[in-house]
Amino acid sequence: MTEPVTPVVATRFDGEVALLLIDHPPVNALDATVRTALATAIAGVLDDPRARALVIACAGRTFVAGADIMELERAAWSDGEGPDMHPLFAAIEGSSKPVVAAIHGTALGGGLELAMACHYRVALGSARLGMPEINLGIVPGAEGTQRLPRLVGVEKALEMGLSGKPIDASDAQRAGLVDRIVDGDLVSAAVAFANEVRARGETPPRTSARTDRIGSPTENETSLAAARATARKTKPQIPAARAWVDAVEAAVTLPFEEGRRRERELSGDTVRSEPCKALLHVFLAERAATRVPGITKATQTTPLERVVIVGAGTMGGGIAMACANAGMTVRLRDATREGLDAGMATVRRNYEASVKRGRLTTDAVADRLSRITPQLDDDGFDGADLVIEAVYESMELKRRIFADLDRLARPGCVLATNTSTLDIDAIAGVTSRPESVVGLHFFSPANVMRLLEIVRGARTSPEVIATALALAKRLNKVGVVARNLPGFIGNRMMFPYMYETQFLVEEGATPEQVDRALTGFGMAMGMFAVDDMAGLDVAARVKR
Ligand code: NAD
């Protein structure tokens, strides 16, 4: 093996400030390599009389964006201890020389824990900071639950931990997580900041020793009880949600040393929990789904701006919203005035509901609605970059429509069908351009559900698949390439499950009883409620 050209952590001096630059692509994850290199580099500069202050920064597109997921996965399946950052963070925080974290990109999870172990945090305005561990069903184990409330207060720490959502730099500064927002050259600004604090001669503030933001246990009773209620309500199946509250409570009630031990236990329990294993599996599966045989970064994609959707029913309306939300120009076409009006009425109702819930402003809704043109004719089909067919599940009807599309659409236009069960090749077969035909299987409600199955026909070109994957990303969905088989992936998995629920009804249970058992088990919806939402006619047509 050859030595890496650039060290994982490089040390250089800018006057009396030692700069430690972590360079571990792609996202500077805090894995064993980085931890070891950082510990050696820190020990080196702490002993070095030339260094009067330290700046920890990262090369590449982001600050440390988290812990190493593969390490976490190994910990989830074995009884091994999670990665131990404690000695490293104790060395950083215990340093008598001020240590400044210079943050760009995202400081998430282990990255934020590292930044919080530093005495000061300087960030670019575009930086984002957060503790997303809850999304993997875990409580962080590197003292994050103990330092975060000490910096931002109990309520904010609970909110950040339970939502898992990162906050932007200005929010972080208001909360007390970032000391200064800078623009331009981050490292120079962080070095200047380090020189300032050194010149002031103050003792570097140790977050672990702070209590000014956390208040007394009685003062926090209400926030902790409210957070427990939120955890129960929004994440009933995720023990980590309750454990997050317990960990923050430990920060309030225990000295730091005991609190971090308590966090360690809670973190270990959640890492080995079933929900964590399942969520890690989902995370890794979503990552694996981005690697598609035959598709590389070099595969050409077509920009998609103008979309025609044929069929303004349950799916067509939702797909129109998904595309309009992503800033695309949409034509929504139906065969009947009745179908079109009903479709547009649903679209409007859904947008109005978003305004009522405070998710969208009336201006944003007006903009999105203005992007959707309802129509009964074939106007604008020739200018479309993408056509998505979402009419009734009938091979005969779909073949007729694709024969029309072959005539109407410009060469290079992507021709997609939203069929749930039909053979893509049989649909593509009526066109003179089967390479442009692909399945885009949205799930109901299409403006909400994250999964988009991309069905590859026998002759679908790699460029069309790559374009469909780019579309999924733009629509904020997870694109999963599927083979052309009945039910593709999602429904194929769901069929046996659906049959069992129907057998139960045949054996005397009511649909309500079956659904109650399923939601009690932890499913977001019962199978019969899902059928109702999709429309029972869809299943009937599939049967026929
Ligand atoms: P739907 O019955 O709600 O809507 C179909 C619409 O197509 C109607 O408005 C109808 O007027 C219109 N239409 C019929 N013929 C047309 C034509 N020649 N030109 C233009 N419009 C025409 O159906 P849906 O539930 O939205 O399903 C549409 C497709 O999506 C089906 O292939 C279905 O299998 C698939 N799908 C449905 C779901 C679901 O949950 N409903 C999920 C994924 C995929």
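The values are calculated or read from the model by the stated rules, or taken from the named source; none is laboratory data. Computed from a predicted structure; not experimentally measured. Methodologically, a virtual Cβ is constructed for each residue, glycine included, from the backbone with ideal geometry; neighbour enumeration extends over all protein chains shown. Quick note on the areas: whole protein, heavy atoms, side chains included, nothing else; ligands and nucleic acids left out. Shrake-Rupley method; radii C 1.70, N 1.55, O 1.52, S 1.80 Å.
Rounded to the nearest 20 debye, what is the charge dipole size of segment 436-544 about its Cα centre when +1 sits on each Lys and Arg Cβ and -1 on each Asp and Glu Cβ? Show your work: numbers first, answer last.
Values: 12 positive and 10 negative charges, 152 e Å.
With Lys and Arg at +1 and Asp and Glu at -1, about 740 debye.
Please give the net charge around A509, taking every other residue with its beta carbon less than 12 angstrom from that of A509, where Lys and Arg add +1 and Asp and Glu add -1.
Working: positive: R516; negative: E500, E506, E507, E512, D515.
It works out to a net charge of -4.
The fraction of accessible area contributed by carbon and sulfur in the chain is 55 percent, rounded to a whole number (1.4 Å probe; ligands and nucleic acids excluded).
Size descriptors for segment 166-226 (Cα atoms only): Rg and Dmax, in that order, 15.9, 44 Å. Which percent, nearest 5, of DSSP beta bridges in segment 104-254 are antiparallel? Within segment 104-254, antiparallel bridges account for around 25 percent of the total.
Defining a contact as two alpha carbons under 8 Å apart and six or more residues distant in sequence, what relative contact order in percent does segment 205-346 show? Can you show the working numbers first?
Details: 101 pairs, mean separation 21.8, N = 142.
Relative contact order here is 15 percent.
Largest accessible area first, the listed residues Y351, Y392, Y499 line up as Y392, Y499, Y351 when surface is computed with a 1.4 Å probe on the assembled protein chains.
Net charge within 11 Å of T230 by Cβ-Cβ distance, Lys/Arg positive one each and Asp/Glu negative one each, not counting T230 itself? Working shown, then result.
Working: positive: R228, R232, K233, K235, R242; negative: E159.
Summing Lys/Arg as +1 and Asp/Glu as -1 gives +4.
Restricting segment 1-61 to trypsin sites (Lys or Arg not before Pro) that sit in a DSSP loop and have at most 14 other Cβ atoms within 10 Å of their own Cβ leaves R50, R61.
Sequentially through segment 497-511, phi angles give Karplus couplings (6.51, -1.76, 1.60; θ = phi - 60°) of 5, 5, 4, 4, 5, 6, 4, 4, 5, 4, 8, x, 6, 8, x Hz, Gly and Pro residues having no value and appearing as x. Mind checking which of L408, S216, A127 is farthest towards the positive end of the chain's charge dipole, using Cβ charges of +1 (Lys, Arg) and -1 (Asp, Glu) about the Cα centre? Going by the charge dipole, the pick is L408. Each other residue within a Cβ distance under 13 Å of S461 adds +1 if Lys or Arg and -1 if Asp or Glu, for a net charge of +1. Sorting the segments 466-474, 130-138 by their mean number of nearby beta carbons within 10 angstrom, highest to lowest, gives 130-138, 466-474. Normalising the average separation of contacting C-alpha pairs (under 8 angstrom, six or more residues apart) by the number of residues puts the relative contact order of the chain at 10 percent. Which of the listed residues, A364, A345, A384, is farthest toward the dipole's positive end in segment 327-468, when Lys, Arg count +1 and Asp, Glu count -1 at the beta-carbon? Looking along the dipole axis, the top candidate is A364. State in Å² the accessible area per residue of the chain; use a 1.4 Å probe, count heavy atoms of protein chains only, and round to the nearest integer. Computed with neighbouring chains in place, this is 47 Å² per residue. Most simply put, the chain has about 20% antiparallel DSSP beta bridges, counting only bridges with both residues inside it.
Taking the C-alpha atoms only, the angle from helix 239-253 to the longest principal axis of the chain is near 20 degrees. Expressed as a fraction of 2.2 N^0.38 Å, the value expected for a compact globular protein of N residues, the C-alpha radius of gyration of segment 415-544 is 1.19. Placing unit charges on the Cβ atoms only, positive for Lys and Arg and negative for Asp and Glu, gives segment 208-277 a dipole magnitude near 340 debye about its Cα centre.
Is the C-alpha gyration tensor of segment 92-150 telling us rounded, prolate or oblate? Criteria: a/c under 1.5 is rounded; beyond that, a/b larger than b/c is prolate, otherwise oblate. Mind dumping the intermediate values first?
Details: a/c = 2.70, a/b = 1.27, b/c = 2.13.
Since a/c reaches 1.5 but b/c is at least a/b, the shape of segment 92-150 is classed as oblate.
In the chain, the ratio of gyration radius to Kirkwood radius, Rg to Rh, stands at 1.03 when only Cα atoms are counted.
Output the direction-averaged projected area (hull surface divided by four) of the convex hull of the alpha-carbon atoms of segment 117-164, in nm². Numbers along the way, then the final one.
Values: hull surface 15.0 nm².
For segment 117-164, averaging the hull's shadow over all directions gives 3.7 nm².
Here each label is just a point 7 Å from Cα along the line to Cβ, and for R61 and D532 those points are 4.4 nm apart. Which entries in the list K156/K235; K398/K473; K297/K477; K156/K233; K165/K477; K235/K277 go over 22 Å, if you measure between the two C-alpha atoms of each? In this structure, K398/K473 exceed 22 Å between Cα atoms. In segment 305-366, a dipole from Cβ-located charges (positive for Lys and Arg, negative for Asp and Glu) runs towards its positive end, and of V307, G317, S354 it is S354 whose Cα lies farthest in that direction.
Dipole magnitude of the chain about its Cα centre, charges +1 at Lys/Arg Cβ and -1 at Asp/Glu Cβ only, in debye to the nearest 20?
On the way: 63 positive and 68 negative charges, 113 e Å.
Roughly 540 debye, rounded to the nearest 20.
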